[in-house]
Amino acid sequence: SLGATLIYLATGKHPTELPSKDGKIVFEESVNLKPSLRRWLTKMIEPSCDNRFGSVTQALQALDQPIKLSKNTKKSKIVQQPADSKIRLRKTLEDIDIFIPPQGFTPELIFIIVFALGWNSFLVVWTGAAVFMPLFPINLFFGLFSILFWTVGLSLIGAILFTLFGSIRLNISSEQISLTYKCFKLKYQKPKPTARYNITAIERTVLSNEGQGKNNDASITVWADTKPYRIKSNSNNDESNQYSYLPNLSATELDWLAQELSKWLDMPVTKK
(Lines give C-alpha, C1' and ligand atoms only; values in the text may rest on other atoms or scores of the structure.)
Protein backbone atom coordinates (compact mmCIF):
# COMPACT_ATOMS: atom_id res chain seq x y z
CA SER A 1 0.00 0.00 0.00
CA LEU A 2 2.84 2.40 0.82
CA GLY A 3 4.52 1.61 -2.50
CA ALA A 4 1.31 2.27 -4.42
CA THR A 5 0.82 5.55 -2.53
CA LEU A 6 4.35 6.70 -3.41
CA ILE A 7 3.76 5.79 -7.06
CA TYR A 8 0.60 7.89 -6.98
CA LEU A 9 2.60 10.84 -5.62
CA ALA A 10 5.34 10.38 -8.24
CA THR A 11 3.04 9.93 -11.26
CA GLY A 12 -0.06 11.92 -10.29
CA LYS A 13 -2.14 8.91 -11.37
CA HIS A 14 -4.08 6.41 -9.35
CA PRO A 15 -2.44 2.97 -9.59
CA THR A 16 -5.57 1.63 -11.29
CA GLU A 17 -4.98 4.13 -14.12
CA LEU A 18 -1.51 2.71 -14.80
CA PRO A 19 -0.85 -0.44 -16.86
CA SER A 20 -0.01 -3.69 -15.11
CA LYS A 21 1.94 -6.82 -15.97
CA ASP A 22 1.75 -10.13 -14.11
CA GLY A 23 -0.25 -8.42 -11.37
CA LYS A 24 2.36 -5.67 -10.84
CA ILE A 25 1.92 -1.96 -11.53
CA VAL A 26 4.03 -0.75 -14.47
CA PHE A 27 4.95 2.80 -13.51
CA GLU A 28 8.50 3.25 -14.82
CA GLU A 29 7.59 5.10 -18.01
CA SER A 30 5.47 7.60 -16.06
CA VAL A 31 8.16 8.82 -13.64
CA ASN A 32 11.54 10.54 -13.75
CA LEU A 33 13.28 8.94 -10.79
CA LYS A 34 16.76 7.61 -10.12
CA PRO A 35 17.16 3.95 -11.13
CA SER A 36 17.85 2.95 -7.52
CA LEU A 37 14.59 4.51 -6.35
CA ARG A 38 12.66 2.88 -9.20
CA ARG A 39 14.09 -0.51 -8.20
CA TRP A 40 13.16 0.16 -4.57
CA LEU A 41 9.58 1.03 -5.50
CA THR A 42 9.36 -2.03 -7.74
CA LYS A 43 10.29 -4.26 -4.81
CA MET A 44 7.75 -2.46 -2.60
CA ILE A 45 4.88 -3.44 -4.90
CA GLU A 46 5.85 -7.04 -5.67
CA PRO A 47 2.62 -9.09 -5.89
CA SER A 48 4.18 -11.83 -3.75
CA CYS A 49 4.79 -10.92 -0.11
CA ASP A 50 7.89 -13.12 -0.11
CA ASN A 51 9.49 -10.82 -2.70
CA ARG A 52 8.82 -7.60 -0.80
CA PHE A 53 10.81 -6.15 2.07
CA GLY A 54 10.25 -8.15 5.24
CA SER A 55 9.93 -5.13 7.52
CA VAL A 56 9.99 -1.34 7.70
CA THR A 57 13.59 -1.55 8.89
CA GLN A 58 14.66 -3.51 5.79
CA ALA A 59 12.87 -1.05 3.51
CA LEU A 60 14.57 1.93 5.17
CA GLN A 61 17.98 0.28 5.00
CA ALA A 62 17.50 -0.46 1.29
CA LEU A 63 16.43 3.13 0.72
CA ASP A 64 19.50 4.52 2.50
CA GLN A 65 21.89 2.08 0.80
CA PRO A 66 20.34 1.34 -2.61
CA ILE A 67 23.40 -0.28 -4.19
CA LYS A 68 24.37 -3.64 -2.80
CA LEU A 69 27.36 -5.31 -4.37
CA SER A 70 26.84 -8.86 -5.56
CA LYS A 71 29.28 -11.69 -4.83
CA ASN A 72 30.91 -11.16 -8.21
CA THR A 73 31.26 -7.40 -7.75
CA LYS A 74 34.39 -5.93 -6.22
CA LYS A 75 35.06 -2.44 -5.03
CA SER A 76 37.59 -0.77 -7.29
CA LYS A 77 39.53 2.44 -7.33
CA ILE A 78 38.56 5.35 -9.55
CA VAL A 79 39.73 4.82 -13.13
CA GLN A 80 40.59 7.76 -15.38
CA GLN A 81 40.36 7.84 -19.16
CA PRO A 82 43.79 7.08 -20.67
CA ALA A 83 45.51 10.11 -22.17
CA ASP A 84 45.74 8.48 -25.61
CA SER A 85 42.12 7.32 -25.67
CA LYS A 86 40.01 8.57 -28.57
CA ILE A 87 36.66 7.70 -27.00
CA ARG A 88 34.32 10.67 -26.57
CA LEU A 89 32.07 10.63 -23.50
CA ARG A 90 29.31 13.14 -22.89
CA LYS A 91 27.14 13.16 -19.77
CA THR A 92 24.19 15.34 -18.86
CA LEU A 93 21.27 14.93 -16.49
CA GLU A 94 19.21 13.68 -19.43
CA ASP A 95 21.56 11.25 -21.16
CA ILE A 96 24.97 9.62 -21.39
CA ASP A 97 26.59 9.23 -24.80
CA ILE A 98 29.64 7.06 -25.55
CA PHE A 99 31.15 7.52 -29.01
CA ILE A 100 33.92 5.24 -30.26
CA PRO A 101 35.42 6.77 -33.44
CA PRO A 102 36.89 4.82 -36.37
CA GLN A 103 40.15 3.05 -35.58
CA GLY A 104 41.71 4.23 -38.83
CA PHE A 105 44.62 2.56 -40.57
CA THR A 106 46.72 0.10 -38.58
CA PRO A 107 49.64 -2.06 -39.75
CA GLU A 108 47.54 -5.17 -39.17
CA LEU A 109 45.19 -4.01 -41.94
CA ILE A 110 47.87 -4.48 -44.60
CA PHE A 111 47.64 -8.27 -44.48
CA ILE A 112 43.83 -8.21 -44.41
CA ILE A 113 43.68 -5.83 -47.40
CA VAL A 114 46.12 -7.94 -49.44
CA PHE A 115 44.27 -11.13 -48.53
CA ALA A 116 40.89 -9.57 -49.40
CA LEU A 117 42.19 -8.37 -52.79
CA GLY A 118 43.55 -11.81 -53.62
CA TRP A 119 40.43 -13.61 -52.39
CA ASN A 120 37.96 -11.40 -54.26
CA SER A 121 40.07 -11.27 -57.43
CA PHE A 122 40.03 -15.06 -57.55
CA LEU A 123 36.24 -15.03 -57.04
CA VAL A 124 35.77 -12.59 -59.94
CA VAL A 125 37.68 -14.96 -62.24
CA TRP A 126 35.85 -18.01 -60.84
CA THR A 127 32.38 -16.45 -61.16
CA GLY A 128 33.14 -15.06 -64.63
CA ALA A 129 34.27 -18.44 -65.83
CA ALA A 130 31.15 -20.06 -64.36
CA VAL A 131 28.83 -17.55 -66.04
CA PHE A 132 30.39 -17.83 -69.48
CA MET A 133 31.06 -21.57 -69.31
CA PRO A 134 29.09 -23.20 -72.15
CA LEU A 135 28.40 -26.36 -70.17
CA PHE A 136 24.92 -26.07 -68.66
CA PRO A 137 23.94 -26.88 -65.90
CA ILE A 138 27.51 -27.38 -64.64
CA ASN A 139 28.18 -23.63 -64.91
CA LEU A 140 25.09 -22.95 -62.81
CA PHE A 141 26.40 -25.25 -60.08
CA PHE A 142 29.80 -23.52 -60.00
CA GLY A 143 28.12 -20.11 -59.93
CA LEU A 144 25.91 -21.01 -56.97
CA PHE A 145 28.85 -22.67 -55.21
CA SER A 146 30.75 -19.36 -55.29
CA ILE A 147 28.04 -17.55 -53.26
CA LEU A 148 29.45 -18.90 -50.00
CA PHE A 149 32.93 -17.61 -50.84
CA TRP A 150 31.52 -14.25 -51.91
CA THR A 151 29.98 -13.96 -48.44
CA VAL A 152 33.43 -14.31 -46.89
CA GLY A 153 34.96 -11.88 -49.40
CA LEU A 154 32.33 -9.21 -48.79
CA SER A 155 32.68 -9.68 -45.03
CA LEU A 156 36.40 -8.94 -45.35
CA ILE A 157 35.66 -5.77 -47.29
CA GLY A 158 33.07 -4.76 -44.71
CA ALA A 159 35.52 -5.32 -41.84
CA ILE A 160 38.18 -3.20 -43.60
CA LEU A 161 35.75 -0.35 -44.31
CA PHE A 162 34.36 -0.38 -40.77
CA THR A 163 37.85 -0.35 -39.27
CA LEU A 164 38.76 2.65 -41.41
CA PHE A 165 35.49 4.61 -41.30
CA GLY A 166 33.05 2.94 -38.89
CA SER A 167 32.00 4.22 -35.47
CA ILE A 168 30.05 2.85 -32.51
CA ARG A 169 27.71 4.86 -30.29
CA LEU A 170 26.04 3.76 -27.06
CA ASN A 171 23.41 6.24 -25.92
CA ILE A 172 21.21 6.05 -22.84
CA SER A 173 18.64 8.81 -22.46
CA SER A 174 15.84 9.34 -19.99
CA GLU A 175 13.62 7.33 -22.34
CA GLN A 176 15.65 4.60 -24.04
CA ILE A 177 18.96 2.82 -24.62
CA SER A 178 20.41 2.32 -28.11
CA LEU A 179 23.58 0.90 -29.66
CA THR A 180 24.36 2.17 -33.17
CA TYR A 181 27.01 1.07 -35.68
CA LYS A 182 27.65 3.62 -38.43
CA CYS A 183 29.82 3.51 -41.54
CA PHE A 184 29.54 6.48 -43.92
CA LYS A 185 25.77 7.15 -43.98
CA LEU A 186 24.76 3.57 -43.25
CA LYS A 187 23.45 2.91 -39.73
CA TYR A 188 22.70 -0.37 -38.01
CA GLN A 189 21.25 -0.88 -34.54
CA LYS A 190 21.63 -4.19 -32.73
CA PRO A 191 19.79 -4.87 -30.55
CA LYS A 192 16.91 -2.53 -31.29
CA PRO A 193 16.43 0.39 -28.84
CA THR A 194 14.39 -0.38 -25.75
CA ALA A 195 13.01 1.59 -22.82
CA ARG A 196 15.57 2.76 -20.27
CA TYR A 197 13.57 1.46 -17.33
CA ASN A 198 14.22 -2.07 -18.62
CA ILE A 199 17.93 -1.76 -17.76
CA THR A 200 18.73 -4.36 -15.11
CA ALA A 201 22.50 -4.77 -14.95
CA ILE A 202 25.96 -3.64 -16.08
CA GLU A 203 28.41 -6.44 -16.75
CA ARG A 204 32.16 -6.18 -17.32
CA THR A 205 33.80 -9.26 -18.77
CA VAL A 206 37.37 -9.57 -17.55
CA LEU A 207 39.72 -12.04 -19.21
CA SER A 208 42.74 -13.58 -17.50
CA ASN A 209 45.08 -12.52 -20.32
CA GLU A 210 44.24 -8.81 -20.26
CA GLY A 211 47.39 -8.21 -18.26
CA GLN A 212 49.45 -9.30 -21.27
CA GLY A 213 47.66 -6.79 -23.50
CA LYS A 214 45.45 -9.37 -25.19
CA ASN A 215 41.89 -8.36 -24.36
CA ASN A 216 40.01 -9.87 -27.29
CA ASP A 217 36.34 -10.39 -26.50
CA ALA A 218 36.64 -8.31 -23.33
CA SER A 219 33.44 -6.31 -23.08
CA ILE A 220 30.97 -4.10 -21.25
CA THR A 221 27.35 -5.18 -21.44
CA VAL A 222 24.31 -3.18 -20.35
CA TRP A 223 21.43 -5.62 -20.01
CA ALA A 224 17.95 -4.30 -20.73
CA ASP A 225 14.90 -6.57 -21.04
CA THR A 226 17.21 -9.58 -21.71
CA LYS A 227 18.86 -7.66 -24.56
CA PRO A 228 22.66 -7.19 -24.39
CA TYR A 229 23.90 -3.73 -25.40
CA ARG A 230 27.53 -4.71 -25.63
CA ILE A 231 30.75 -2.86 -26.40
CA LYS A 232 33.31 -5.54 -27.23
CA SER A 233 37.01 -5.17 -27.75
CA ASN A 234 39.08 -7.10 -30.23
CA SER A 235 42.85 -7.53 -29.95
CA ASN A 236 44.74 -7.74 -33.21
CA ASN A 237 47.22 -9.94 -31.35
CA ASP A 238 44.67 -12.73 -31.56
CA GLU A 239 44.89 -14.34 -34.99
CA SER A 240 41.46 -15.95 -34.69
CA ASN A 241 39.86 -12.49 -34.49
CA GLN A 242 42.07 -10.54 -36.88
CA TYR A 243 39.22 -10.02 -39.37
CA SER A 244 36.91 -8.50 -36.75
CA TYR A 245 35.65 -4.93 -37.08
CA LEU A 246 35.51 -4.58 -33.29
CA PRO A 247 37.47 -1.70 -31.74
CA ASN A 248 40.74 -2.49 -30.03
CA LEU A 249 40.02 -1.00 -26.59
CA SER A 250 42.38 -1.34 -23.67
CA ALA A 251 41.36 -2.88 -20.35
CA THR A 252 41.69 0.57 -18.74
CA GLU A 253 39.28 2.09 -21.25
CA LEU A 254 36.73 -0.65 -20.60
CA ASP A 255 37.06 -0.23 -16.83
CA TRP A 256 36.66 3.54 -17.18
CA LEU A 257 33.53 3.22 -19.33
CA ALA A 258 32.01 0.67 -16.95
CA GLN A 259 32.70 3.05 -14.06
CA GLU A 260 31.05 6.00 -15.83
CA LEU A 261 27.98 3.94 -16.74
CA SER A 262 27.74 2.72 -13.16
CA LYS A 263 27.82 6.27 -11.80
CA TRP A 264 25.26 7.62 -14.26
CA LEU A 265 22.83 4.70 -13.98
CA ASP A 266 23.37 4.45 -10.21
CA MET A 267 23.92 0.71 -10.66
CA PRO A 268 26.80 -1.59 -9.65
CA VAL A 269 29.08 -3.32 -12.15
CA THR A 270 29.24 -7.09 -12.06
CA LYS A 271 32.62 -8.48 -13.16
CA LYS A 272 33.00 -11.89 -14.76
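Among beta bridges identified by DSSP and lying wholly in the chain, the antiparallel ones come to about 95 percent. Helix 35-44 and the longest principal axis of the Cα set of the chain meet at an angle near 60°. Between the stretch 137-191 and the stretch 24-54, the alpha-carbon centres lie 40 Å apart. In terms of distances greater than 21 angstrom between alpha carbons, the cross-link table entries Lys91/Lys263; Lys182/Lys272; Lys24/Lys190; Lys192/Lys232; Lys185/Lys263 yield Lys182/Lys272; Lys24/Lys190; Lys185/Lys263.
Summed over the residues of the stretch 92-155 and divided among them, the accessible surface reaches 66 Å² per residue at a probe radius of 1.4 Å. The distance between label points at Thr151 and Ala195 comes to 3.7 nm (points 7 Å beyond Cα on the Cα→Cβ vector). Taking only protein heavy atoms and a 1.4 Å probe, the accessible area of the chain is 59% carbon and sulfur.
Here the Debye sum runs over all C-alpha atoms of the chain as equal scatterers in vacuum, and log10 of I(q)/I(0) at q = 0.17 Å⁻¹ comes out as -1.32. Using only side-chain charges placed at the Cβ, +1 for Lys and Arg and -1 for Asp and Glu, the dipole size of the chain relative to its Cα centre rounds to 400 debye. In terms of its alpha-carbon gyration tensor, the stretch 106-191 comes out oblate; a/c meets the 1.5 threshold, while b/c is at least as large as a/b.
The values are calculated or read from the model by the stated rules, or taken from the named source; none is laboratory data. These numbers were taken from a predicted model, which means no experiment stands behind them. When we count neighbours, we look across all protein chains shown, and the Cβ atoms used for this are built from the backbone with ideal geometry, even at glycine. Only protein heavy atoms, including side chains, enter the accessible area calculation; ligands, DNA and RNA are left aside. Shrake-Rupley method; radii C 1.70, N 1.55, O 1.52, S 1.80 Å.
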